[in-house]
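**Q** Dumping the structure here so I can ask a few things about it.
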Amino acid sequence: MNRLSELNQKQRSQLGVAALVIGTLTLAVGVVVAHYAAFPETEFIDGVEVPVQVDYLGWIPRGWQWVTLGQIIGFVGSQLMVIGALFLWFVGRKLTWARATFGAFIAWIELVLYFGVVPSEWLNLTQGPLEFTDQRIAFTIPEWLVLGNQVDVSLSAVKDAISGTYNLIVLGVAIVFAYRIQDWGKARPEVEAEEKQSVYGRPLVKGD
């Protein structure tokens, strides 16, 4: 934060514009990759399995791995856009009702993204292509830890554990961020310089 405060408004604006442009392009690439990678490789026509032809962007590989990669690329792009908006319209600027409204809109989008879209796509991935079901065993707890009993942990339980841990961490980060952001724009208390003394115990003055 100290380095950011040393930037002048022109440098902040340039940084914000760059992040917005790069983020928008990255988001567009991610959306295109995720969309075209979701097309099936083959389809049945009159009982015959034939390849699915996609014009122009048919060279994009297909499969859930590439769909997930496209989603990650789009997510990174969206966060670059948010960072760019913060530098362009908020950092180092006086807060107005218009900026506060726009900031609330960005915060709402971020909350929907982190608490809605990301967990939803995680469930779509694990319950779909990855097949994290109750019938598939992830690992078995050693018997000496459970009094000689056999306790299997399913992939479904692993899926729920990861989802719950993610939500707790993101909630904690959101609370800390909401608390720390209250100090943005406030003047920092001045720290008095430590008084230097000579070898004789007297205060030093400039020129000594």
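**Q** Which ones in the range 134-155 are acidic (Asp, Glu) and either within 19 Å of Trp122 (Cα to Cα) or free of Cβ contacts under 8 Å to residues at least 12 places away in the same chain (or both)? Step through it out loud before you land on a result.
**A** Here is the first cut: in the range 134-155, the residues acidic (Asp, Glu) are 134, 143, 152.
Within the range 134-155, Asp134, Glu143 meet the criteria.
**Q** Continuing with this model, one more query. Criterion first (surrounded by fewer than 13 Cβ atoms within 10 Å (Cβ to Cβ), modelled with pLDDT of 95 or more and under 21 Å from Ala37 (Cα atoms)) does Ser78 satisfy it? Don't jump to the end; show me each part of the working.
**A** Numbers: surrounded by fewer than 13 Cβ atoms within 10 Å (Cβ to Cβ): no; modelled with pLDDT of 95 or more: yes; under 21 Å from Ala37 (Cα atoms): yes.
No: the conditions fail for Ser78.
**Q** Return yes when Ile60 is outside any helix (DSSP H, G or I), among the β-branched types (Val, Ile, Thr) and surrounded by 14 or more Cβ atoms within 10 Å (Cβ to Cβ) and no when it is not.
**A** Criteria met by Ile60.
**Q** Scanning for something without any contact (Cβ under 8 Å) to a residue 40 or more places away in the chain and among the polar types (S, T, N, Q), does the range 66-82 turn up at least one residue?
**A** Looking through the range 66-82, none of the residues is without any contact (Cβ under 8 Å) to a residue 40 or more places away in the chain and among the polar types (S, T, N, Q).
**Q** A follow-up question, please. Answer yes if at least one residue in the range 52-60 is among the small types (Gly, Ala, Ser) and in contact (Cβ under 8 Å) with a residue 24 or more places away in the chain, and no otherwise.
**A** Let us first name the residues in the range 52-60 that are among the small types (Gly, Ala, Ser), namely 58.
Remaining after also requiring in contact (Cβ under 8 Å) with a residue 24 or more places away in the chain: none.
No, because not a single residue in the range 52-60 is among the small types (Gly, Ala, Ser) and in contact (Cβ under 8 Å) with a residue 24 or more places away in the chain.
**Q** While we're here: Restricting to the range 131-187, what's the tally of residues that are exposed (fewer than 11 other Cβ atoms within 10 Å of the Cβ), assigned to a helix (DSSP H, G or I) and among the basic types (Lys, Arg)?
**A** Residues in the range 131-187 being exposed (fewer than 11 other Cβ atoms within 10 Å of the Cβ), assigned to a helix (DSSP H, G or I) and among the basic types (Lys, Arg): 1 in total.
**Q** Given the conditions (1) within 20 Å of Ile72 (Cα to Cα); (2) at pLDDT below 95, which single one is not true for Val118?
**A** Evaluating Val118 over (1) within 20 Å of Ile72 (Cα to Cα); (2) at pLDDT below 95 leaves (2) as the failure.
**Q** Please tell me if Asp134 is modelled with pLDDT under 90 and acidic (Asp, Glu).
**A** In short, no.
**Q** Quick one: Thr126 ticks every box in (1) closer than 23 Å to Pro40 by Cα; (2) in the same structural domain as Val33 (by TED's automatic domain parsing) except a single one, so which number is it?
**A** So the condition that Thr126 fails would be (2).
**Q** Kindly provide the set of residues from the range 83-107 that are assigned to a helix (DSSP H, G or I) and in contact (Cβ under 8 Å) with a residue 60 or more places away in the chain, ordered by number. Give the steps one after another, and end with the answer.
**A** As a first pass, look at the range 83-107 and keep what is assigned to a helix (DSSP H, G or I): 83-89, 97-107.
Answer for the range 83-107, where residues must be assigned to a helix (DSSP H, G or I) and in contact (Cβ under 8 Å) with a residue 60 or more places away in the chain: Ile83, Gly84, Ala85, Leu86, Phe87, Leu88, Trp89.
**Q** Here is a list of conditions, (1) assigned to a loop (DSSP other than H, G, I, E, B); (2) within 30 Å of Gly16 (Cβ to Cβ); (3) in contact with an Asp or Glu (Cβ under 9 Å, 6 or more places away or on another chain); (4) not small (Gly, Ala, Ser), and Gln79 meets all of them except one; can you say which number that is?
**A** (1)
The values are calculated or read from the model by the stated rules, or taken from the named source; none is laboratory data. Worth saying up front: this structure is predicted, and the values here are computed from it rather than measured. Counting neighbours? That spans all protein chains shown, and the Cβs are built from the backbone with ideal geometry, glycine included.
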